[in-house]
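A short write-up of the structure that comes next.
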Amino acid sequence: MKKYLSMILSVALFASMTAGCTKEEQPVQEEFENVHLTIASDLAPEDILVEQITKFQELNADKVNLNYTIKDQQEDNILKNPRQASDIFCIANDQLDELYQNGILLEITEDKDAVIASVGGEQTTAAQTSMRDGKLYGYPLSSGNGYFLYYNKAYFSESDVASLDNILEIASGNHKKFTMDFSSGWYLFSFFKGAGLNLEYNEEKAANLCNWNATNTEHTGVSVAESLLNIAGHDGFAYYPNSEFVEHASADEVIAGVSGQWHAEELASIWGDNYAAAKLPTYTLDGEQVQMASFTGYRIVCVNSYTENAKWASRLAEYLTNEETQLKRFEAVGQCPANISAANSDQVKTSPAVAATAEQAPYAYIQHVADPFWDASSQLGLTIAEGNPDNENLQNLLDRMVGKTIVPVRTK
């Protein structure tokens with residue numbers, strides 16, 4: 001009887017083990033799908049996007065037939081019309097909060113841990129800028145989304161570019177120009193923050209806090225505005241929108257200027273062996289030399305929560321931000337990869353623009369700014385770039401700018 005019972009148990013155990021193996025050997029197959037996705041064009045140059053999407057389709061040919069449209073990002077008004085926005089789009093990290101609060105970002109759950117590990121772990125800035133309340137809402141694409149100084153070594157030594165005063169004098173003496181986009185609050189920030197004045201979200205992330213009009217600080221807002229007017233009026237300075245920097249450098253009019261990694265390849269081509277980059281210089285404020293600050297941040301690829309194809313949109317977004325694609329994007333547009341393996345590659349680490357970004361890093365601040373700031377600061381900057389033609393009281397200019405900047409952000 002005992003032997004018979006033992007045989008029954010052995011057969012039952014064998015059957016159970018066999019059933020387990022059979023289950024493992026026959027995983028549930030995904031249903032084949034026909035999918036159409038829209039992808040914002042600013043993820044990467046179109047040739048890279050097409051190449052990587054094609055590879056993704058080939059890798060998943062047994063699971064999905066992927067049709068896609070690359071959509072001009074300027075057509076995407078994500079916040080106002082999310083249902084019409086791209087399924088996959090790219091944002092600066094400071095846009096994430098408003099989109100998150102309005103429920104427009106899809107939570108990333110598939111391969112979450114691998115995505116976070118690819119940028120160095122959950123405690124890194126890259127991961128933190130893409131997460132809210134412990135949940136992941138985007139794939140970090142590029143780091144160092146900030147600015148620094150480009151210069152032509154035919155005119156400047158490394159010591160020359162430490163001071164904006166020197167840069168302006170050398171440019172003027174050679175009948176050339178230093179340029180910086182005063183029409184953008186993104187760049188104006190460098191002077192005000194360098195002076196110790198602040199711009200950031202309030203605790204509820206519902207409005208901006210800004211004291212650029214301060215009157216009781218070590219360096220007042222008016223003092224900064226006066227310094228900016230001195231710079232704008234210098235013979236060695238030219239105000240050009242950032243989009244025109246390369247054009248004027250190519251014409252041999254601009255020999256130094258402030259911009260970001262996106263101009264690296266073009267300027268290297270124009271200046272050749274004389275191409276160089278460094279941290280931002282100091283500028284004169286109240287008779288002192290003050291280090292210019294900068295914004296920094298990350299470009300993040302997100303999936304629209306209104307997409308009809310969340311699974312494949314997420315998988316494609318992950319693929320379009322992998323190590324290979326980030327390196328290709330760096331080679332094409334010069335922006336440093338967020339992927340830690342790509343960022344540590346030789347081709348990235350030997351880039352002057354990347355080195356300048358690292359040199360500027362101690363004076364760089366993550367961008368946490370809501371929309372009302374941009375138009376208000378642009379108006380201030382244009383007035384200064386034009387030399388304050390109406391001779392308006394500087395305190396009034398700053399008060400008006402700050403008043404417009406701190407308007408609460410509207411959410412649904």
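The values are calculated or read from the model by the stated rules, or taken from the named source; none is laboratory data. The model shown is predicted, which means the values in this text are computed figures rather than measured ones. With ideal geometry, Cβ positions are generated from the backbone for all residues, glycine too; neighbour counts draw on all protein chains shown. Protein only, heavy atoms only, side chains kept; ligands, DNA and RNA dropped before computing areas. Shrake-Rupley method; radii C 1.70, N 1.55, O 1.52, S 1.80 Å.
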* Identify the single condition in (1) open to solvent by 20 Å² or more (accessible area, probe 1.4 Å); (2) modelled with pLDDT of 95 or more that Tyr298 does not satisfy, given that it satisfies every other one. => (2)
* Quickly run through the stretch 167-192 and pick out the residues that are buried (at least 17 other Cβ atoms within 10 Å of the Cβ) and farther than 22 Å from Leu394 by Cα. => Ile167, Leu168, Ile170, Ala171, Lys176, Lys177, Phe178, Thr179
* **Exclusive hit being surrounded by 22 or more Cβ atoms within 10 Å (Cβ to Cβ) and either more than 20 Å from the chain's Cα centre (by Cα) or modelled with pLDDT of 95 or more (or both), set Ala207, Ala195, Ala232** => Ala195
* All but one of (1) open to solvent by 60 Å² or more (accessible area, probe 1.4 Å); (2) in contact with a Lys or Arg (Cβ under 6 Å, 6 or more places away or on another chain) hold for Tyr155; which doesn't? -> (2)
* Asked: In the stretch 365-385, what residues are of a type outside the set (D, E, K, R) and outside any helix (DSSP H, G or I)?
  -> Tyr365, Ile366, Gln367, His368, Val369, Ala370
* **Residue under evaluation Ile116, criteria (1) over 24 Å from Ser377 (Cβ atoms); (2) in a strand (DSSP E or B), criterion not met** => (2)
* Structure fact -> Within the stretch 358-412, residues touching a strand residue (DSSP E or B) at 6+ places or on another chain (Cβ under 7 Å) and either modelled with pLDDT of 95 or more or over 16 Å from Lys193 (Cα atoms) (or both) come out as Glu359, Ala370, Pro372, Val402, Ile406
* **All positions within the stretch 135-166 that are more than 30 Å from Pro337 (Cβ to Cβ) and of a type outside the set (Asp, Glu)** => Ala154, Tyr155, Ser157, Ser159, Ser163, Leu164, Asn166
* Asked: In the stretch 34-91, which residues are open to solvent by 70 Å² or more (accessible area, probe 1.4 Å) and aromatic (Phe, Trp, Tyr)?
  -> Tyr68
* Asked: Are there any pairs with C-beta distances below 7 angstrom linking a residue in the stretch 168-196 that is more than 30 Å from His368 (Cβ to Cβ) and in contact (Cβ under 8 Å) with a residue 40 or more places away in the chain to a residue that is crowded, with 21+ Cβ neighbours inside 10 Å and basic (Lys, Arg), with the two at least 6 apart or on different chains, and if so which?
  -> Ala171/Lys177
* Structure fact -> Residues of the stretch 334-345 being assigned to a helix (DSSP H, G or I), open to solvent by 10 Å² or more (accessible area, probe 1.4 Å) and either of a type in the set (A, V, I, L, M) or at pLDDT below 90 (or both), in sequence order, are Ile340, Ala343
* Specify the residue that is farthest from Asn145 (Cα to Cα); the eligible residues are those in the stretch 341-353 that are more than 16 Å from the chain's Cα centre (by Cα) and touching a residue at least 24 places away in the same chain (Cβ under 8 Å). => Ser341
* Structure fact -> Only unsatisfied item for Pro362, checking (1) in contact (Cβ under 8 Å) with a residue 40 or more places away in the chain; (2) over 18 Å from Thr220 (Cβ atoms), is (1)
* For Glu98, state whether it is assigned to a helix (DSSP H, G or I) and of a type in the set (Asp, Glu). => yes
